[in-house]
Amino acid sequence: MGAKIILKDIAILILAAALSSCHRKVEVEQEEYTPLSKAALDLSSGAQWAYEIEGNRLDKKIDSFEAISKSVVLSSLSMIALDAAYPMPSVYPELNGFGSLDTSSVQGELLETVKEFCLAMLEYSKGAREYDKYQAELKAAKKNAAKSSSDSSDSQEGQGENVPQKDSSKIDALFSSRSLFSLALFLADSSSAGVLQSFVIGRPFVGEEVMEIPVRWIGQKEILDTFLYPVQEGETWKIQQIEIYKSEAKNGSVKADRN
């Protein structure tokens, strides 16, 4: 009987010791845990912060704007109206493989000269093709005509109001007379594109000593990308040089690079 009591007391002591150990362990674990907010606060208080600029900006009450009357209640719509009152930067379209069509840096007489030259080129290209076609037909007619003077077409050559003319006077007048050879090379090289039907002017490169204006020509067969180099002669702008740097077939395949 006494042995059973002793064993029961020992068991109670062991259980109490175990519970006490677990309790101390939990207390130790709870003491080691630091809330994240406290850690953040400690880091914030110990950091070296820069001087706050316009610290009261968010607290400041703004009840009016320069472009909006004080009688207008501020709202989302009034803020949109405020934005509309100030000039916004212009947005210009772009062509893949060519670039931006922003010509704002060449306004005035220079841009008008470039446009006039390009329009004159379209007119010349169409007239030159009609002239070449007319000459080919005339040559064939001569070959097939009767040998007699009455049937010969020699007397008809160059007669009539509808005879096409290969006249380059307009583009010559807009090109520098000191570098007409560059124009002649362009006319020869661009003939493979067929009749030039339209053009677009791109964003120019403006340097201290040179200005480079990209122009894309759309022909019947090819697309030509060129650089125009203008020069000022007195008070008049002229095209000093024109260079083809890329030609591309209408199906999108690059035919040649001419750098």
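What ranking of Arg216, Arg129, Arg178, Arg203 comes out by heavy-atom accessible area, probe 1.4 Å, highest first? Let's see the in-between values first.
Values: Arg216 25, Arg129 85, Arg178 180, Arg203 130 Å².
Descending order: Arg178, Arg203, Arg129, Arg216.
Taken one residue at a time, the phi angles of the range 108-119 give Karplus couplings (6.51, -1.76, 1.60, θ = phi - 60°) of x, 5, 5, 5, 5, 5, 5, 4, 4, 5, 5, 5 Hz. Gly and Pro are set to x.
Looking at this model, which pairs from Lys38/Lys60; Lys115/Lys170; Lys166/Lys221; Lys115/Lys221 are more than 24 angstrom apart at the alpha-carbon? Display every interim value, and only then the final one.
Working: Lys38/Lys60 31 Å; Lys115/Lys170 13 Å; Lys166/Lys221 21 Å; Lys115/Lys221 22 Å.
As for pairs spanning more than 24 Å Cα to Cα, those are Lys38/Lys60.
If R0 is taken as 41 Å, the Cβ-Cβ distance between Val163 and Glu208 corresponds to a FRET efficiency of 0.25. Scalar couplings 3J(HN,Hα) for the range 174-185, obtained by applying the Karplus form with A = 6.51, B = -1.76, C = 1.60 to θ = phi - 60°, are 8, 10, 4, 5, 7, 9, 5, 5, 5, 5, 4, 5 Hz; x denotes Gly and Pro. In order along the range 239-246, phi translates into HN-Hα couplings of 8, 8, 7, 9, 10, 8, 9, 7 Hz, rounded to whole numbers, per the Karplus curve 6.51 cos²θ - 1.76 cosθ + 1.60 with θ = phi - 60° and x for Gly and Pro.
In this simple spin-label model, placing a label point 7 Å from the Cα along the Cα-to-Cβ direction at both Lys221 and Lys143 gives a separation of 1.9 nm. With the whole protein complex present, Leu43 retains an accessible surface near 130 Å², based on a 1.4 Å probe. Of the residues Lys60, Lys38, the one with the largest accessible area comes first in the ranking Lys60, Lys38, computed with a 1.4 Å probe on protein heavy atoms. Spacing of the modelled spin labels on Glu130 and Leu187, each 7 Å from Cα toward Cβ, amounts to 1.7 nm.
Of the listed residues Asp189, Asp225, the order by accessible area with a 1.4 Å probe, largest first, is Asp189, Asp225. Residues whose amide H comes within less than 5 Å of that of Gln241, counting only those at least five positions distant or on another chain, are Tyr229 (H built at 1.01 Å from N in the peptide plane).
The values are calculated or read from the model by the stated rules, or taken from the named source; none is laboratory data. If you're wondering where the values come from, they're calculated on a predicted model, not measured in any experiment. Don't worry about glycine lacking a Cβ; one is built from the backbone with ideal geometry, like all the others, and counts go over all protein chains shown. Just so you know, the surface numbers come from the protein's heavy atoms only, side chains and all, with ligands and any DNA or RNA stripped out. Shrake-Rupley method; radii C 1.70, N 1.55, O 1.52, S 1.80 Å.
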